[in-house]
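Q: Starting off with a structure, shown below.
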Amino acid sequence: MLPQRGTRVSLIDPDMVEEARFMREQLEKAVIRLACESFPADKLREMENNLVMQQESMKQLDGKRMFVLDEAFH
């Protein structure tokens, strides 16, 4: 923003977007690895069961149930 002159929008740099995507992917993978080191087995089974139910909801075209299950998963 330039006071009394207006606002300029920068062009999106595709290389910077790809770099940011790559960094986020690497960080998220690292966080998942750390979280899984001490993740309770019963909670893992709950999450796996939720994913199975999500797949069934998609097959049945039940968007409402899919939404509820996805919210619970996250």
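Q: Is one or more of the residues making up region 33-52 of a type in the set (Phe, Trp, Tyr), assigned to a helix (DSSP H, G or I) and surrounded by 10 or more Cβ atoms within 10 Å (Cβ to Cβ)?
A: Within region 33-52, the subset of a type in the set (Phe, Trp, Tyr) is 39.
Restricting the remaining residues to those that are assigned to a helix (DSSP H, G or I) gives none.
No: zero hits.
Q: All but one of (1) in contact (Cβ under 8 Å) with a residue 12 or more places away in the chain; (2) on the phi > 0 side of the Ramachandran plot hold for Ala72; state the number of the condition that does not hold.
A: Evaluating Ala72 over (1) in contact (Cβ under 8 Å) with a residue 12 or more places away in the chain; (2) on the phi > 0 side of the Ramachandran plot leaves (2) as the failure.
Q: Report yes if Leu27 is touching a helix residue (DSSP H, G or I) at 6+ places or on another chain (Cβ under 9 Å), surrounded by 10 or more Cβ atoms within 10 Å (Cβ to Cβ) and modelled with pLDDT of 90 or more, otherwise no. Please lay out each step first, then the result.
A: Details: touching a helix residue (DSSP H, G or I) at 6+ places or on another chain (Cβ under 9 Å): no; surrounded by 10 or more Cβ atoms within 10 Å (Cβ to Cβ): yes; modelled with pLDDT of 90 or more: yes.
No.
The values are calculated or read from the model by the stated rules, or taken from the named source; none is laboratory data. What you see is a predicted model; the values in this text were computed from it and never measured. Neighbour counts run over all protein chains shown; Cβ positions are idealised from the backbone, glycine included.
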